[in-house]
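Remarks on the structure that follows.
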Amino acid sequence: MKNISGEGCNRLFTRETVRHRFYLDVDDLEKAARFYGSAFGLMVGRRFGAFGLEMLGSSASIYLLVKSPGTSASDTTSHRRSYQRHWTPEQAQAALNEVRVWVEQNGLRLNADKTHVGDCRQTGQGFEFLGYRFELGRRWVRRKSLLALRERIRQKTRRTRGDSLACIIADLNPTLRGWFHYFKHSQPWVHQLTDGFVRRRLRAILRKQDKRPGMGKCRDDHLRWPNTFFAAQGLFTLTTARVLASQSR
């Protein structure tokens, strides 16, 4: 207990007299009041018009203040108010620990290399799932999936392969068509690069069949066997398939 004296006053203060005050920004006053009342057993006290109210039932003073989303959080920061649901790293780690316990209790084990806690909105903290990589709010084909496709294409387009172009294209198309149907939502440049890689491999085969060395990259090869040439031969192209899929929506 403290005895605080001053000019014109002589008051006694106990520790209980000093209370903490918490000001909580909310976007919906009534919804927030119901939440804190249900979660912590608090009751609505004084109201300050449509812009705030006091919550009773705690050792601290709690005030809910209406602040619009997107407004500046304070004068000392560039952060903007956001009321979207979010998780702290500690909450995410706790959830992961619960999952790990359940998995082990059922005789399984999480892959240590593929299991981690991170914020996929940040650079380098994304994750890979079912052939895609999710990071920075975007989704693209993971590098391993692209390399696997190229390896399958190489196996079907060896320069020493003695089959006709029609036979090679017939062998390629199911692989390209199946890959497109799974990864058709990837970025357009992925399809463009893959189409170019396929045609370059086919031009190299045609050069080999003409007993000419080279990898099918020169301008003369493009003029002799343009993209339309392979389209006329029935080659499935990812770029064309993407355009047709977009038009059918």
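The values are calculated or read from the model by the stated rules, or taken from the named source; none is laboratory data. Quantities reported herein were computed from a predicted structural model and do not represent experimental measurements. Counting neighbours? That spans all protein chains shown, and the Cβs are built from the backbone with ideal geometry, glycine included.
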Would you say ASP171 is out of contact with any strand residue (DSSP E or B) (no Cβ under 8 Å at 6 or more places or on another chain), modelled with pLDDT of 90 or more and surrounded by 15 or more Cβ atoms within 10 Å (Cβ to Cβ)?
no
Looking at (1) under 24 Å from PHE129 (Cα atoms); (2) of a type outside the set (A, V, I, L, M); (3) at pLDDT 85 or above, find the lone condition where ASN111 falls short.
(3)
Could you grab me the full set of residues in segment 33-64 that are surrounded by 12 or more Cβ atoms within 10 Å (Cβ to Cβ), touching a Lys or Arg at 6+ places or on another chain (Cβ under 9 Å) and at pLDDT below 90?
SER61
Considering each residue of segment 161-184, count those that are over 23 Å from ALA204 (Cα atoms) and touching a Phe, Trp or Tyr at 6+ places or on another chain (Cβ under 9 Å), and give that number.
2
Tell me, yes or no, whether segment 66-88 has at least one residue that is surrounded by 13 or more Cβ atoms within 10 Å (Cβ to Cβ), hydroxyl-bearing (Ser, Thr, Tyr) and part of a loop (DSSP other than H, G, I, E, B).
yes
Within segment 200-236, count every residue that is of a type in the set (A, V, I, L, M), within 18 Å of ALA170 (Cβ to Cβ) and not in a helix (DSSP H, G or I).
1
Scanning segment 157-166 residue by residue, those surrounded by 11 or more Cβ atoms within 10 Å (Cβ to Cβ) and either modelled with pLDDT of 95 or more or in contact with a Lys or Arg (Cβ under 8 Å, 6 or more places away or on another chain) (or both) turn out to be THR157, ARG159
So which of TRP225, TRP140, TRP189 is surrounded by 13 or more Cβ atoms within 10 Å (Cβ to Cβ) and modelled with pLDDT of 85 or more?
TRP225
